[in-house]
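This report refers to the structure that appears directly beneath it.
The values are calculated or read from the model by the stated rules, or taken from the named source; none is laboratory data. Nothing here was measured: the structure is a model prediction, and the numbers come from that model. Every residue, glycine among them, receives a Cβ derived from its backbone with ideal geometry; neighbour counts consider all protein chains shown.
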Amino acid sequence: MADESFDLVGCLERVRRRDQVAARQLVEHLYPLVSRIVRSHLPRRVAEEDLAQDIFLKMFTRLEQYQGNVPFPHWVSRIAVTTCIDQLRAQKRRPEFRWADLSENEAEVLDNVMTDERDVLPGDALAARELVQKLLAQLKPDDRLVIQLLDLEQKTIAEISALTGWNQTLVKVRAFRARRKLQKLFQELQSKEKS
Amino acid sequence: MNRFEHQWQKLVALARQAPADPAAMPFGFATRVAAQAAALPAGTPWRSLERFAFRGLLVAGACSVAAIAFNYSGLLSDQSDDYASADTVGELLSLS
């Protein structure tokens, strides 16, 4: 969070009294958190700004329902994650994944990872992130979300369960299913690369 | 760890090293969102009760089912009572 000294309780109280300045301060305070979640789970063809705006408007609409059982940023994170997953679900068709779609750097990173010929270089990180996002785009939205949170954001099963509202068994099942699909994708890519 | 798992973990570990883009807020974003939030309909005292409505409906439904189940035998015996009273009337008529 940008400002640790921010008086969140007081600000929320003023927002409930329809104070527009407080509403603006709340958005400014929470923007880095919401932006990070949106960027991690951003569906194709959805503008980051539009999605962030949807999340904040949902937050204001539901503010009366917040009872303080969990820290406010956690509550907002949950709204952000569920809004992203709704957007991902709305995108029915996933683009076909082809070796030709990869940039030169992405192809090189994938080749290195698959063949284990040389250690990947730190400079390959951006290409690796793009590649991972392309691979995750092939998964079902719920599975994609689980892998994103588990492997990229390194959250625990319990944390994912709290964020998504899914029980821990369901999270594990989705992670297993996603990894199996990713394995199949890897195998397909390997065979395409060889041919 | 199987071969795929090793490859995947290597890839995501590298992806995690990618520097995060700075989360710069678009100009005027907070003001715009705050203005839109202000335009939303104000919360009424009834709104806080709305979330209890569905639970209330479920509880009411469960109570109705339970009430019917507990009184089912009573309803049947009431019907037999009706027949009994009809017989009584018949008996009274036959006496007169």
Would you check if A:Val132 is outside any loop (DSSP other than H, G, I, E, B), at pLDDT 80 or above and out of contact with any Leu (no Cβ under 9 Å at 6 or more places or on another chain)?
-> no
Could you check A:Val113 against (1) crowded, with 20+ Cβ neighbours inside 10 Å; (2) farther than 16 Å from B:Ala15 by Cβ and say which number it fails?
-> (2)
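Considering only the range A:185-194, I want to know if a residue exists there that is under 23 Å from A:Ile37 (Cα atoms) and in a helix (DSSP H, G or I). Don't jump to the end; show me each part of the working.
Here is the first cut: in the range A:185-194, the residues under 23 Å from A:Ile37 (Cα atoms) are none.
No, the conditions are met nowhere in the range A:185-194.
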Please enumerate the residues belonging to the range B:28-50 that are in a loop (DSSP other than H, G, I, E, B), farther than 29 Å from A:Ser40 by Cα and either at pLDDT 80 or above or at the interface with chain A (Cβ under 8 Å from one of its Cβ atoms) (or both).
-> B:Ala42, B:Gly43
Residue identified as closer than 30 Å to A:Ala127 by Cβ, modelled with pLDDT under 80 and either of a type in the set (A, V, I, L, M) or surrounded by 13 or more Cβ atoms within 10 Å (Cβ to Cβ) (or both) among B:Met1, B:Met25 = B:Met1
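Could you check the range A:162-183 and list, in sequence order, the residues that are among the aliphatic types (A, V, I, L, M), touching a residue at least 12 places away in the same chain (Cβ under 8 Å) and surrounded by fewer than 20 Cβ atoms within 10 Å (Cβ to Cβ)? It would help to see each step written out before you state the result.
The initial filter retains those residues of the range A:162-183 that are among the aliphatic types (A, V, I, L, M), namely A:162-163, A:170-171, A:173, A:175, A:178, A:182.
With the extra rule that they be touching a residue at least 12 places away in the same chain (Cβ under 8 Å), the set shrinks to A:162-163, A:171, A:175, A:178, A:182.
A:Ala162, A:Ala175 - these are the residues of the range A:162-183 that are among the aliphatic types (A, V, I, L, M), touching a residue at least 12 places away in the same chain (Cβ under 8 Å) and surrounded by fewer than 20 Cβ atoms within 10 Å (Cβ to Cβ).
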Answer with yes or no whether A:Glu159 is of a type outside the set (Val, Ile, Thr), farther than 18 Å from B:Glu5 by Cα, surrounded by 15 or more Cβ atoms within 10 Å (Cβ to Cβ) and modelled with pLDDT of 90 or more.
-> yes
List every residue pair whose Cβ atoms lie under 9 Å apart, where the two residues are 6 or more positions apart in sequence or sit on different chains, the first residue falls within the range A:63-83 and is closer than 24 Å to A:Val146 by Cβ and not assigned by TED's automatic domain parsing to the domain that holds A:Phe6, and the second residue, located anywhere, is part of a helix (DSSP H, G or I) and not small (Gly, Ala, Ser).
-> none
